[in-house]
Amino acid sequence: HINGIDGRARAGTLHFPNGGPPVPTPRFMPVGTKGTLKGVLPDEIEAMKCPIILANTYHLAIQPGTELIDTVFGGLHNFMGATRESCPDDSDAAAGHGGQKRQKRLYNLLTDSGGFQMVSLASLSQVTEKGVLFQSPYTGEHMMLQPEDSIRCQNEIGADIIMQLDDVISSVSTNEERFRIATFRTLRWYDRCLKAHKYPDRQNLFPIMQGHLDTSKGGLRELCLAGFKYRDQQKRIPGFAIGGLAGGESKEEFWKVVDHACRHLPDDRPRYLMGVGYPLDLVVCTALGVDQYDCVYPTRTARFGVALVDEGQIKLKQHEFAPGISDQSELPIDDACPCEACVRRISRGRLHGLLKANNSIAVQLLTQHNVTYMMGLVNRMRAAILEKRFASFVREFLGKYFRSETHGSIPKWVQDALEAAGVSLDKKNQKASLIS
């Protein structure tokens, strides 16, 4: 439900029936491709106040297999060790549970459908109306993934939000006819996914908006949206995903598609922007009306020795952070951050040394820091929306982010997108020259 609105930015809460915590929005979802965030334990994910993460259906179907996850472990939450028994209380007895202990999930799960692998593994896949024929990157064996297969696997995984299999094409492709085919095929595949879905009472199936970058009147994005709105009238859709972006298109094209989707999608359902995780993008797209995000960026960049802060990136492998080189090496990553590394005041110089020695503890600490940073960013945005000061938050964030010489001036696409969202920028936050 929606808790507050400021301009077009929304603060809401997602509730699930499966024992997981409520999910406040806006919300960034870290990606645990094979059912885990690398180097992070389930208890640590909970401690970072991360109420939902993403797992990858395609990779789990290959290893260890979703049937095994279901029949042996009873779902991915148990496979990951992301459940614990909760003590009974009076409300349990009153509800007729007899005071028995109940399973508590440490966090919720969203699974993608395997559609993105049509792009990331394009050289190993072949798409037809029937489905996608993949060649395993591990064994070379072929696997047919049909819409029905994707849903069966996601039913076996037991995620709280599951995604339809969509026909995904790289956003930088120039084959207009292929985009048209993909848009209408995505609608047909949603129908097949919906029919195959066994557990609509406990797993929320989201359709995925496709249509390339065409936001013109009567264009592919509008046609896809109209198709799903018609289906929503037949059977209520619990939420909508915006797909086909973050694949190399220009930022100008990117924000216009997001803007178009948020203006036309229902106001009373969550809007999930797939594959987006740069902090600047989250701030801009939240202003446009997006609720959920996912991306490998925060965890993957940690493995390269990069820490995230409001000012951008701290590349801890660089020589300037070597112990004794400058005062910067004596500081923690961020004094205000509640992550393990920052609370213990582990210095940038110490992390630099650990990274240079290929010590895995450094990557673990940076992963925790980056996830904690992303949770803090969305929580700060939520608080600003609820307190009706989101525009002020945006200006403050941009003032920090574009203070450094690395980022330079506020890009024109950011200004245009925020203007469309109704967020004005004080001139003191804009430098003299603009970059496109």
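The values are calculated or read from the model by the stated rules, or taken from the named source; none is laboratory data. Keep in mind that this is a model prediction, so the values were computed, not measured. Here the Cβ positions follow ideal geometry from the backbone for every residue, glycine too, while neighbour counts run over all protein chains shown. To get the accessible areas, we keep the full protein, side chains included, count just its heavy atoms, and leave off ligands, DNA and RNA. Shrake-Rupley method; radii C 1.70, N 1.55, O 1.52, S 1.80 Å.
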Next item on the list: Output ³J(HN,Hα) for region 272-280: one whole-Hz value per residue in order, computed from phi by the Karplus curve 6.51 cos²θ - 1.76 cosθ + 1.60 with θ = phi - 60°, and x for Gly and Pro.
Entry: 10, 9, 7, x, 10, x, 6, x, 4
Check: Which residues' amide hydrogens lie under 5 Å from the amide hydrogen of Gly75, considering only partners 5 or more residues apart or on another chain, with H built in the peptide plane?
Finding: Asp70
Next item on the list: May I ask you to evaluate 6.51 cos²θ - 1.76 cosθ + 1.60, the Karplus curve with θ = phi - 60°, for each residue of region 155-169 and list the ³J(HN,Hα) values in order in whole Hz, giving x for glycine and proline?
Entry: 4, 5, 5, x, 5, 6, 10, 10, 10, 5, 7, 10, 8, 9, 10
Checklist line | Per-residue [θ]222 nm for the chain (sum of -39500 (n - 2.57) over DSSP H runs n ≥ 4, rounded to 500) | finding: -11500 deg cm²/dmol
Check: Going from most exposed to least, what order do Lys38, Lys315 have by accessible area with a 1.4 Å probe?
Finding: Lys38, Lys315
Margin query: 7 Å from Cα along Cα→Cβ at both Asn175 and Leu68: what's the point-to-point distance in nm?
Written below: 3.5
Check: So what's the convex hull volume per residue for the Cα atoms of region 14-57, in Å³?
Finding: 86
Check: Using the heavy atoms of the protein chains alone and a 1.4 angstrom probe, what is the accessible area of the chain per residue in square angstrom?
Finding: 44
Next item on the list: Could you pull out the pairs from Lys130/Lys229; Lys104/Lys388; Lys195/Lys251; Lys49/Lys217; Lys38/Lys315 whose alpha carbons sit more than 31 Å apart here?
Entry: Lys104/Lys388; Lys195/Lys251; Lys49/Lys217
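Nothing charged except the Cβ atoms of Lys and Arg (+1) and of Asp and Glu (-1): what's the magnitude of the dipole of region 195-319 about its Cα centre? Round to the nearest 20 debye.
My answer is approximately 540 debye.
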Item checked: Extension gain (nm, one decimal) between Ala226 and Gln328, 0.36 nm per residue minus Cα-Cα -> 31.4 nm
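What does the charge count around Leu110 come to, taking other residues whose C-beta lies under 11 Å from its C-beta (Lys +1, Arg +1, Asp -1, Glu -1)?
Net of charged neighbours comes to -2.
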Next item on the list: Compute the signed sum of charges (Lys and Arg +1, Asp and Glu -1) over the other residues within less than 14 Å, Cβ to Cβ, of Asp201.
Entry: +3
Item checked: Under 12 Å, Cβ to Cβ, from Trp413 - net charge with Lys/Arg +1 and Asp/Glu -1 -> -4
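May I ask for the Kirkwood hydrodynamic radius of region 267-390, worked out over all distinct Cα pairs and given in angstroms to one decimal?
15.4
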Item checked: Rg/Rh for region 175-302, where both radii come from Cα atoms and Rh is the Kirkwood radius -> 0.96
Next item on the list: Could you point to the label whose value was computed as Cα extents along the principal axes in Å for the structure here, given (i) 67, 58, 42; (ii) 61, 56, 52; (iii) 72, 69, 49?
Entry: (ii)
Next item on the list: Name the residues whose placed amide hydrogens come within less than 5 Å of the amide hydrogen of Val132, ignoring near sequence neighbours (fewer than 5 apart) on the same chain.
Entry: Leu145, Gln146
Notebook entry, point to check: Which ³J(HN,Hα) values in Hz, rounded to whole numbers, follow from the phi angles of region 128-135 under the Karplus curve 6.51 cos²θ - 1.76 cosθ + 1.60, where θ = phi - 60° and Gly and Pro get x?
Noted result: 9, 4, 5, x, 10, 9, 9, 9
Check: In the chain, with Lys and Arg counted as +1 and Asp and Glu as -1 at Cβ, which of these residues, Leu351, Thr66, Thr286, has the Cα nearest the positive end of the dipole, that is, farthest along it?
Finding: Thr286
Next item on the list: Evaluate the charge dipole of the chain about its Cα centre and quote only its size in Debye, nearest 20, assuming +1 on the Cβ of each Lys and Arg and -1 on the Cβ of each Asp and Glu.
Entry: 340
Margin query: Quick check: at a probe of 1.4 Å, how many percent of the accessible area of region 212-356 sits on carbon and sulfur atoms?
Written below: 49
